[in-house]
Structures are given as structure tokens and as C-alpha cells.
């Protein structure tokens with residue numbers, strides 16, 4: 001089976017949407033999903049637990065150098081950057097913030113693109129800065145697929161707009177449509 | 001700016017030939033990001049950096065400083081400190097002397113947090129503390145114990161979450177351990193704590209135990225994440241060798257011992273305890 005994955009990034013206004021997406025996933029997804037959301041530095045606890053309530057898929061804040069397992073959802077831990085390593089493990093770091101953010105969506109997206117290449121689906125949701133735009137560019141360089149949430153539907157539209165402006169967004173979709181795309185991407189095994 | 005893998009490889013080889021620093025087992029993605037940052041900050045190519053490093057020893061040291069990540073906080077992750085209180089402190093109270101090693105201590109905020117913590121537990125007098133880092137300049141900063149208020153004040157609530165947990169007890173003021181002057185943008189660690197720490201240069205990649213003693217307690221948090229899995233395992237072996245039986249190792253909240261050496265420790269939360277020789 002192809003080694004493929006989904007990466008999702010967002011900040012202001014994206015948490016509820018991520019909750020919704022997770023609650024509508026099939027029971028078994030057979031691929032890993034990586035989620036990188038900006039959140040308050042002090043809010044270190046309870047995030048994964050809250051998401052887990054609505055999901056039968058394991059939601060994990062990973063340990064540094066842990067092996068990626070299909071059918072898991074990985075959330076970037078608060079205050080850490082999350083990298084996808086070429087040996088199929090996850091790397092964490094507390095280097096400087098990028099785009100005023102740690103975790104940085106760009107770093108997760110870029111390293112995921114380098115590992116999953118054309119078999120990566122990147123999704124950018126509501127958010128208030130341009131983190132993710134460089135990541136989208138990298139995903140397209142490797143012929144992956146990129147989707148931005150319809151800015152009209154976003155609580156804060158800066159993040160998807162900056163990805164769209166960058167000319168590296170394949171589709172602009174509503175949440176309802178994004179959920180369908182995810183389900184299709186998961187079920188479609190090359 | 002994109003840097004080629006070959007350039008990074010060359011950089012690592014040149015460094016290994018010119019100095020004692022070996023970055024070949026650093027974790028690839030974060031190392032690449034350090035390189036990108038160095039190239040951007042210096043506004044030149046990595047080839048230029050390599051050229052300059054060859055002719056200029058102090059520039060080489062500067063690059064080493066820029067490669068290492070210096071992030072440390074007062075009482076980072078209060079939850080871990082409460083675990084230390086429960087799992088480690090009672091055992092340390094049984095010892096006559098406590099040898100403490102803070103590996104990769106950076107500018108020392110966490111090390112001084114530990115000394116405050118030891119003091120509140122009545123253990124400061126019998127604790128011998130060594131803080132080490134690869135970066136000598138940051139160790140000088142650590143020895144001074146002067147920190148910018150604006151970069152550190154947000155962690156002061158952690159102090160309360162760790163040291164002021166019992167509501168009935170009289171609150172321990174920050175001023176017991178630190179002089180805080182917001183107008184001067186300064187947090188100064190009090191001299192009686194500064195005097196309790198010794199700082200030494202140590203490179204976890206190649207240096208073994210250079211201290212002619214074993215330790216009861218090793219703290220190394222969010223340092224090994226910059227190394228690949230093999231090097232992490234080697235260092236965990238080295239820590240094990242240098243712990244007394246029943247000694248403790250505390251690592252970062254999102255770190256874990258994954259290699260075979262994990263069988264030689266008992267794990268309680270973020271606290272690892274060295275098993276005795278007969279299991």
C-alpha cells in the first residue's frame with residue numbers, strides 16, 4: 001500500500017472544525033493524520049483528550065523520535081515544533097518560533113511533503129497569520145494535493161487567503177466538502 | 001533559501017576535521033533548520049560559511065553557538081516538578097550528599113529552579129550541582145544568573161504552581177530567590193544560589209564522565225531531541241553508567257528512552273530510576 005498521509009494546519013477559529021472533522025472520520029483510516037494548530041502556550045493539557053472524546057482513532061501528542069503508525073492522529077504538542085523525519089519517525093524541537101508560532105505549521109507541512117511526496121494531502125483551515133503558505137508551496141513542489149478552507153466560511157480568513165494568494169492551492173472548499181475529500185483520500189488506495 | 005543535503009554533509013565533515021565538534025548524529029530536520037537560520041542571519045551561502053570557518057577559529061565557535069538551541073525556562077512543566085517531589089525527593093532525603101548533574105543546562109533557569117526546589121525541601125546544603133553545556137558563552141551567562149525580565153516573567157507563575165501548592169501555607173515570595181526589577185528589565189538569582197552551582201563545558205556527543213564522580217540525579221530535558229535515535233541511545237547508556245544505583249534521570253515531557261537500555265530503568269512518569277545490578 002502507498003505510504004500516504006494528511007496534514008492539517010490552522011489557528012484562530014480552527015479548533016471546532018478539527019473537532020468536527022475528527023468526529024466524522026471512519027473508524028479505521030489506515031493512514032496517519034498530522035495536525036498542527038496554534039494554541040495558547042499555557043494550554044498544555046487537555047487538548048488531545050478533548051479531541052479524543054469524539055473519536056475512536058487514537059489521538060497522540062507524540063514523543064520525540066516515535067515511529068509513525070498508520071491509523072493514528074498526531075497533534076503537535078504545545079510549544080514544540082513537530083517534524084516528519086525521513087526514517088518514518090516524528091521529531092520534536094523547541095527551537096525559535098517561526099512566523100511567531102511554535103508549533104509552526106510550515107515546518108510540519110514541509111517535512112511531511114519531503115517524506116510523503118505526491119501522496120500527501122495538505123489542508124489549511126481558519127487562522128490569523130500566514131503560517132502554512134510556505135508549507136503549501138513545498139507540498140505542491142512534490143505534487144501533493146492542497147486544500148484551503150473557503151475564506152468566506154472561516155472565522156478568520158488570513159491563513160487560507162495567504163495560501164490561495166501563493167498560487168499553490170488546488171481547491172478552495174467548505175468544511176462539508178473538505179470532509180468528503182478526506183474520506184475519499186482515505187478510501188482511495190493506489 | 002534552499003540548502004542541498006550535500007552542502008550540509010560537507011559542512012559536518014569540515015567541522016569534524018577542524019574541531020572536536022561532530023554533528024553527524026544530530027537530528028536531520030532541526031539541524032537543517034539551524035543551517036537555514038545561520039545562512040539567513042549571515043546573509044550568505046553555506047559554502048561561504050564553510051570557507052570562513054576554515055580560516056577563523058572564533059567564527060567557528062560562533063557557528064557552534066548558533067547551532068545549539070538555547071531554550072530554558074523557570075520551572076518548565078510544573079507537572080514534572082510535582083512528580084519529582086513525589087518520586088525522587090523522598091529518596092534524596094536518605095542520602096548524605098546529593099550529586100546533581102544538569103546536562104545541557106543552557107543559561108541555567110531550570111538549574112536554579114532545581115536549587116530553589118532543593119532548598120524548599122531542605123536539601124540544598126548537601127547538594128553538589130554541576131551544570132554543563134557545549135556552549136561556553138551560555139555557561140558564563142548561567143553563572144551570572146541575570147535574566148531579562150521580559151523574556152522570563154511569563155514563567156514566574158510556574159514558580160507558584162510548583163512551590164506554592166498548599167493554600168494554607170504561607171506563600172513563598174519570589175524575592176526569597178530572585179531580585180526582580182521590571183524597570184531595569186532584570187531578574188537576578190540571589191548569590192546564595194549562584195554559589196551552589198559549578199558550570200563546566202561538556203559535549204554530550206563525545207565526552208563521557210569528566211567529573212570524577214557518579215551522580216544521584218541527572219536532569220537532561222529537551223536536549224536529546226536534537227540528536228538522532230542512535231546518539232540518544234548512546235547518551236542514555238552514558239547516563240546509566242554515570243548514575244549511582246537507584247539514581248534518577250529526568251528527561252523532557254515529550255522524550256522517552258526507547259532503546260534496550262530502557263530495561264535497566266524503572267519509569268515513573270518522566271522520572272527514570274536506575275535499577276540495581278541484581279534487577
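Each row is one residue, and each column tells you yes or no for (1) closer than 27 Å to residue A:112 by Cα; (2) touching a residue at least 60 places away in the same chain (Cβ under 8 Å); (3) assigned to a helix (DSSP H, G or I).
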{"position": "B:3", "(1), (2), (3)": "yes, no, no"}
{"position": "B:11", "(1), (2), (3)": "yes, no, yes"}
{"position": "B:16", "(1), (2), (3)": "no, no, yes"}
{"position": "B:21", "(1), (2), (3)": "no, yes, no"}
{"position": "B:35", "(1), (2), (3)": "yes, no, yes"}
{"position": "B:50", "(1), (2), (3)": "no, no, yes"}
{"position": "B:107", "(1), (2), (3)": "no, no, no"}
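Checking the structure you have, find out if any residue of segment B:143-158 is at positive phi and either in contact with a strand residue (DSSP E or B) (Cβ under 7 Å, 6 or more places away or on another chain) or surrounded by 21 or more Cβ atoms within 10 Å (Cβ to Cβ) (or both). For segment B:143-158, residues at positive phi and either in contact with a strand residue (DSSP E or B) (Cβ under 7 Å, 6 or more places away or on another chain) or surrounded by 21 or more Cβ atoms within 10 Å (Cβ to Cβ) (or both): present. Kindly evaluate residue B:206 against the criterion of being part of a loop (DSSP other than H, G, I, E, B) and more than 14 Å from chain A (Cβ to nearest Cβ). Taking the combined requirement at face value, the residue satisfies it. Taken as a whole, the structure places residue B:224 among residues that are within 14 Å of chain A (Cβ to nearest Cβ) and either within 19 Å of the chain's Cα centre (by Cα) or surrounded by 15 or more Cβ atoms within 10 Å (Cβ to Cβ) (or both). For residues that are in a loop (DSSP other than H, G, I, E, B) and crowded, with 18+ Cβ neighbours inside 10 Å, scanning just segment B:74-105, find the one that is farthest from the other protein chains (Cβ to nearest Cβ). Among residues in segment B:74-105 that are in a loop (DSSP other than H, G, I, E, B) and crowded, with 18+ Cβ neighbours inside 10 Å, the one farthest from the other protein chains (Cβ to nearest Cβ) is B:88. Candidates in segment B:23-33 are the residues that are part of a loop (DSSP other than H, G, I, E, B) and surrounded by fewer than 19 Cβ atoms within 10 Å (Cβ to Cβ); of these, the one that is farthest from the other protein chains (Cβ to nearest Cβ) is B:24.
Every condition in (1) more than 14 Å from every other protein chain (Cβ to nearest Cβ); (2) within 27 Å of residue B:126 (Cβ to Cβ); (3) not in a loop (DSSP other than H, G, I, E, B) holds for residue B:263 except the one numbered (2).
Residues in segment A:162-190 that are under 19 Å from residue A:110 (Cα atoms) and touching a helix residue (DSSP H, G or I) at 6+ places or on another chain (Cβ under 6 Å): 5 in all.
If you go through segment B:237-257 one residue at a time, how many are in a helix (DSSP H, G or I) and surrounded by fewer than 24 Cβ atoms within 10 Å (Cβ to Cβ)?
Final tally of qualifying residues: 4.
Looking at segment A:94-132 only, could you name the residues that are within 10 Å of chain B (Cβ to nearest Cβ) and part of a loop (DSSP other than H, G, I, E, B)? Those that are within 10 Å of chain B (Cβ to nearest Cβ) and part of a loop (DSSP other than H, G, I, E, B): A:94, A:95, A:96, A:102, A:104.
I'd like to know if segment A:136-149 contains one or more residues that are in a loop (DSSP other than H, G, I, E, B) and touching a residue at least 40 places away in the same chain (Cβ under 8 Å). Scanning segment A:136-149, I find no residue that is in a loop (DSSP other than H, G, I, E, B) and touching a residue at least 40 places away in the same chain (Cβ under 8 Å), so the answer is no. Once segment B:197-221 is narrowed to residues that are in contact (Cβ under 8 Å) with a residue 12 or more places away in the chain and over 17 Å from the mean Cα position of the chain (by Cα), the residue that is surrounded by the most Cβ atoms within 10 Å (Cβ to Cβ) is B:214.
Confirm whether residue B:63 is farther than 27 Å from residue B:158 by Cβ, crowded, with 17+ Cβ neighbours inside 10 Å, under 28 Å from the mean Cα position of the chain (by Cα) and away from every other protein chain (no Cβ under 14 Å). Taking the combined requirement at face value, the residue satisfies it. Screening residue A:52 with (1) facing chain B (nearest Cβ under 8 Å); (2) at pLDDT below 95; (3) in contact with a strand residue (DSSP E or B) (Cβ under 7 Å, 6 or more places away or on another chain) gives one miss only, at (1). Flag: residue A:37 does not match the condition of being crowded, with 17+ Cβ neighbours inside 10 Å, within 8 Å of another protein chain (Cβ to nearest Cβ) and touching a helix residue (DSSP H, G or I) at 6+ places or on another chain (Cβ under 8 Å). In the set (1) out of contact with any helix residue (DSSP H, G or I) (no Cβ under 6 Å at 6 or more places or on another chain); (2) in the same structural domain as residue B:177 (by TED's automatic domain parsing), the condition left unmet by residue B:105 is number (1). Counting only strands (runs of 3 or more DSSP E) that sit wholly inside segment A:1-73, those with at least 3 residues that are without any contact (Cβ under 8 Å) to a residue 40 or more places away in the chain are A:58-60. Kindly indicate whether residue A:122 is touching a residue at least 40 places away in the same chain (Cβ under 8 Å) and either touching a helix residue (DSSP H, G or I) at 6+ places or on another chain (Cβ under 6 Å) or surrounded by fewer than 21 Cβ atoms within 10 Å (Cβ to Cβ) (or both). The answer is yes for residue A:122.
The values are calculated or read from the model by the stated rules, or taken from the named source; none is laboratory data. The structure presented is a predicted model; accordingly, all values stated were derived computationally and were not measured. In this analysis, Cβ positions are derived from the backbone assuming ideal geometry, glycine residues included, and neighbour counts consider all displayed protein chains.
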